[in-house]
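Worksheet: one structure, shown below.
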Amino acid sequence: MDALAVPPPSCLGEVCWSNDQVSPVCWGMSLKQFNDFVAACRSTSVWALACEKGHVNLYDVVTSLVKPWTRNTGCGIALRMNPKEVLQAELMVSHSWSECMDQCAEALSKFCTRQKNLEDLAVILWFCAFAQYQSGDDPGDRGPTVAEQLALDPFGSVIRTLTSSGLGMVVIQTSLADVYSRLWCVYEIAEAVDSKAKVSMAYSQRALETRSGSFEEMLRARTSRASCRDPSGEQMIRQKVQQPGSPAEALVVIPGDCSGECQVASSGTFVRAGGFSRLDSIIFTFRLQAFQEMMHELHESTRDQLRSEIQKMMGHGGTDDVLEQERFRVAEEGLEQLEDARLYQGSGGLRFILYSICLGPLALVLCILALPFMILCAPCILLYRHSLKSKTEPAVARFMADDPEAPVAAERRSQRKEHRQGDPSARRKEDAGPPAPASYGAARGAGIAEPRRDASESGSDVGESFGDAGEDDELMLKRLEMAKKMAPQLFS
C-alpha cells in the first residue's frame, strides 16, 4: 500500500518550527507523546503489512510513515507534536533501529515508571528517529538535510546538558536486536560514560526471558566486532576510534535516516585516545554493572539458570580451581606417556629381532625377482628419452629463433633456479607470493575497515577480524577475574 495514502494522525499538530531553527536539546517529546505516536502508527495498514514479517522495526516506521507525514515541512515528529512550546530533553534514548518497536515502547515505559519523583508520562525523551527531521535528504525536499542537522552537534549538546541535569541516557535492549552489536551504540554509551552522564539499561520482558548465555557472551564481547548498517559510516567511526582525539577534531555519532542508520560528522568534543581497547574496557564495565541490575529483574527460574551457567564457567570454585584441575590433568597425561615410553624402550630390542627374522627372507626374494626386470627395462627407458630429446630440441630452437625475448626469459629462469637451490629462504619467499602493498599495513594500523569478502575467498579473514578461539578464551579468563573482584555477589 502506498504510504502517502495513509493520512497523518491527529496527534501531529501544525508546522510551527523547523529543526534548523531550534536547538537540538529542545527536539524533545514526552513519553505520553511517544506512546501516542507509536499507537497512531500501530493503527495504520502499513503497520499491519510490516507485521507480516514477524515484527515492526524503526526502519519500517521511518520509511513508511515518518517520512511521508513530515515531508517538505522541515519539522521532525517531536517538534510537530509541540507546536506551542518546544520541550527540552531530560532523557536520551540509545537503541538499535532493528529492534521491535513494541518491545522498545514497553521497555521505555517500564523504565520511566521506575524513576523517582517523576510522573512516568511526563519524562521528556530525546528519541533520534522522532527528534531529527528524516526527509531532508529526499530529492526536492526543502530540508534541513541530515548533514545540516549534524552540524548542530545534537548528540554532544544533549549529552552535555544531561550531564549537569536530567536523567542521563537509557540504553534499550530487546530480544530481537543486540545494542552491543551496533558500533554507533557502543560508541554512544562509551562517550556518555566518559562524559560522566548517568547511563542506565532498560529491558523488554521478552529480552529478560531470553538471557541464557548472556554472561559468557559479555565476557567474550569485543567492540571491534560491532558494525554499522552503512559501510562508509562504519569505516569513518573505526578511523576515529583508532586515532588520538582532540577537542578540535572529534566524532559525533547520531542515528540518521533509515538508509544509513548512522551518520557521522566532525564536530563536538567527545573523542579520546585509546582505540577499541578503551571501548572494550568502558563497555565491559558498563555491561557488568547492567548485568547485576538485570539479575534483580529476572524471573526466578531465569536467574537460577544464569547462576548455574556462571558456576559452571567458574568450575564450581573459580578460575584458580580450573587452572589447578588443568595442571593436574596435564601431569597425569605426562606420567602415562612416560610409562608408555619406558615400556616401549624395554621391548624395542626384541621387536627388532622378530621383524628381522620375519621380513628378511621376504625382502631378499623381492630383490631377486626385481633384478631381471630392471636389467631388461633400463635400455628401453634410455632409448625412449634419447628419441624424445631429439624431437623436442629442433622445436625449441625454432621457438627461440622466432621470439627474441625467449633467450632472456630462459636465462632468468635458469638463474632463479640456481638461486633457489643455493638459498632455501629465497624459495620460501617466492612461494609466499609478492609482498603486500605498503598502504595495507598503514590502513590496518589506522583501524580502517578492509573490504568485506566472502568466507570462500579466504579462510584467514575470520581469524584476522575476530581473533582465534585461544585469544577469546584468554580474554574470557581475564574478564572473569575482573568480574570476581568488581561483582563478587554474582559468584556467591
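The figures follow:
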| item | result |
| --- | --- |
| Every pair of residues 6+ apart whose Cβ atoms lie under 8 Å, when the first sits in region 357-385 and is in contact (Cβ under 8 Å) with a residue 24 or more places away in the chain while the second is surrounded by 10 or more Cβ atoms within 10 Å (Cβ to Cβ) | none |
| Some residue of region 179-192 being more than 23 Å from P154 (Cβ to Cβ) and in contact (Cβ under 8 Å) with a residue 40 or more places away in the chain | yes |
| Residue ranges of helices (runs of 4 or more DSSP H) in region 65-166 with at least 3 members open to solvent by less than 10 Å² (accessible area, probe 1.4 Å) | 77-80, 101-114, 128-131, 146-150, 154-164 |
| Selected residue (criterion: nearest to D102 (Cα to Cα)) from residues of region 47-56 that are touching a residue at least 24 places away in the same chain (Cβ under 8 Å) and open to solvent by 20 Å² or more (accessible area, probe 1.4 Å) | H55 |
| Failed criterion for T174 (all others in (1) open to solvent by less than 10 Å² (accessible area, probe 1.4 Å); (2) out of contact with any Asp or Glu (no Cβ under 6 Å at 6 or more places or on another chain) hold) | (2) |
| Search result, residues across region 183-211 that are out of contact with any strand residue (DSSP E or B) (no Cβ under 7 Å at 6 or more places or on another chain) and either open to solvent by 30 Å² or more (accessible area, probe 1.4 Å) or over 21 Å from T113 (Cβ atoms) (or both) | V186, A190, E191, D194, S195, K196, Q205, R206, E209, T210, R211 |
| Region 195-220, subset assigned to a helix (DSSP H, G or I) and either of a type in the set (V, I, T) or modelled with pLDDT of 85 or more (or both), residue farthest from S96 (Cα to Cα) | E209 |
| Top-ranked residue of region 304-331 - restricted to ones that are at pLDDT below 80 and among the basic types (K, R), ranked as most open to solvent (accessible area, probe 1.4 Å) | K312 |
| Close pairs (8 angstrom Cβ cut-off, 6 or more residues apart or separate chains): farther than 12 Å from R80 by Cα in region 12-30, open to solvent by less than 20 Å² (accessible area, probe 1.4 Å) and among the charged types (D, E, K, R) anywhere | P24/D153 |
| Qualifying residue in region 255-272 (condition: over 17 Å from S94 (Cβ atoms) and at pLDDT 85 or above) | no |
| Hey, C377 modelled with pLDDT of 80 or more, part of a helix (DSSP H, G or I) and surrounded by 10 or more Cβ atoms within 10 Å (Cβ to Cβ) or not | yes |
| All positions within region 174-188 that are modelled with pLDDT of 90 or more and within 21 Å of A89 (Cα to Cα) | none |
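The values are calculated or read from the model by the stated rules, or taken from the named source; none is laboratory data. In this text, all values refer to a predicted model and were calculated from it rather than measured experimentally. As a convention, Cβ positions derive from the backbone with ideal geometry for all residues, glycine included, and neighbour counts pool all protein chains shown. Surface accessibility is based on the protein's heavy atoms, side chains included, excluding ligands, DNA and RNA. Shrake-Rupley method; radii C 1.70, N 1.55, O 1.52, S 1.80 Å.
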